[in-house]
Amino acid sequence: MVDLADKDGNTPLLMSCIAGCVDTIELLIGAGAAVDLAKPEGTVNASSTALMTCCLYGHAPCARALLRARAAVDNATSQGATALMLAAQYGHPRCIDALLEAGATVNLATKHNALGQAAYRGHASCVEALLAAGAHQAAPNPNQETPLFLSCLQGHVRCVELLLDHSLEY
């Protein structure tokens, strides 16, 4: 019952993650909710998990609750997005910190990588956190665009500064 989904593949746990209600998430986990259950293909945000949903919306306390329940930190959607990539893409450094503390692979690359996502979107605090965790700043995406290239493309001066400063340190 706790994992029954609606017609769009949303479970009570996923809806609680969207709402950012950590108390409800903890209750559902205690009742046996499957923390790594992914939305079915053919639905909005297909193959995303509760952890990915928390990171998409920036609900770090909710993400931490799922991580304490042993949610898989490096799972990827069918499109190649991980929770870390989503947190970086949408500018949620507190989620990035939670994921890295739980052992997320900072340099995991599918179609994209977390540093490239943060750099492209101009999320300087996320770029800073990922660089501090050892993200490879020269790692290109499938189009051979590096995070520095992506920051320059979008005119994100602070991200360019961070990436250049980091390259001088190493």
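The values are calculated or read from the model by the stated rules, or taken from the named source; none is laboratory data. Note that the structure is a prediction, hence the values are computed from the model and not measured. Cβ atoms come from the backbone with ideal geometry, glycine included; neighbour counts cover every protein chain shown. In case anyone asks, the SASA skips ligands and DNA or RNA and just uses the protein heavy atoms, side chains included. Shrake-Rupley method; radii C 1.70, N 1.55, O 1.52, S 1.80 Å.
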ask   = Most fluctuating residue of Gly116, Gly32, Gly58 in a GNM of the chain with Cα springs under 10 Å: which is it?
value = Gly32
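Fully extended, how many nm does the chain gain between Asp8 and Leu153 (0.36 nm per residue separation, minus their Cα-Cα distance)?
48.6 nm
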remark   = With label points set 7 Å from each Cα along the Cα-to-Cβ direction at Leu164 and Gln144, the distance between them in nm comes to 2.4 nm
remark   = Highest GNM mean-square fluctuation among Gln89, Gln154, Gln137, for the chain with Cα springs under 10 Å, belongs to Gln154
message = Show me, for region 11-16, the HN-Hα J-couplings you get by feeding each phi into the Karplus relation (A = 6.51, B = -1.76, C = 1.60, θ = phi - 60°), rounded to Hz, glycine and proline as x.
response = 9, x, 5, 4, 5, 5
ask   = For the chain, with every protein chain kept in place, what is the accessible area per residue (1.4 Å probe, Å²)?
value = 49 Å²
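Roughly how many debye, to the nearest 20, is the charge dipole of region 24-170 about its Cα centre, given +1 on each Lys and Arg Cβ, -1 on each Asp and Glu Cβ, and no other charges?
Approximately 320 debye in magnitude.
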query = Cα axis of helix 157-169 to longest principal axis of the chain: angle in degrees, 0 to 90, nearest 10?
reply = 70 degrees
key: Value of D in µm² per second that Stokes-Einstein yields for region 83-170, Kirkwood Rh from Cα pairs, at 4 °C (1.567 mPa s)   = 105 µm²/s
note = Once Lys and Arg are counted +1 and Asp and Glu -1 for all other residues with Cβ under 13 Å from that of Leu67, the total becomes -1
task = For region 140-165 and region 1-45, write down the distance between their C-alpha centroids in whole Å.
result = 35 Å
Cut-off under 5 Å, modelled amide H: who pairs with Ala38 long-range = none
key: Dipole of the chain, positive end: most advanced residue of Leu162, Ala138, Cys95 [Cβ charges, Cα centre]   = Cys95
task = Give a residue-ordered list of calculated ³J(HN,Hα) values for region 63-77 (Karplus: 6.51 cos²θ - 1.76 cosθ + 1.60, θ = phi - 60°; whole Hz; x for Gly, Pro).
result = 4, 4, 4, 5, 5, 4, 8, 6, 4, 5, 7, 10, 4, 10, 6
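If packing is taken as the average count of other Cβ atoms within 10 Å, what order do 126-133, 63-70 fall into, highest mean first? Please report the intermediate quantities before stating the final value.
Details: 126-133: 23.5, 63-70: 21.4.
For the peptides 126-133, 63-70, the packing ranking is 126-133, 63-70.
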Cα-based equivalent ellipsoid, the chain: semi-axes from gyration tensor eigenvalues, Å = 31, 16, 12
query = When the scattering of region 25-90 is computed by the Debye formula from its Cα atoms alone, each counted once and equally, what is log10 I(q)/I(0) at q = 0.13, 0.28 Å⁻¹?
reply = -0.31, -1.29
key: Backbone HN-Hα couplings from phi across region 111-120 [Karplus 6.51/-1.76/1.60, Hz, Gly and Pro as x]   = 7, 9, 9, 4, 5, x, 5, 5, 5, 5
query = Nearest 20 debye, what's the magnitude of the dipole of region 1-110 about its Cα centre given +1 on Lys and Arg Cβ and -1 on Asp and Glu Cβ?
reply = 120 debye
key: Helix-derived mean residue ellipticity, 222 nm - over the chain, DSSP H n ≥ 4, -39500 (n - 2.57), to 500   = -14500 deg cm²/dmol
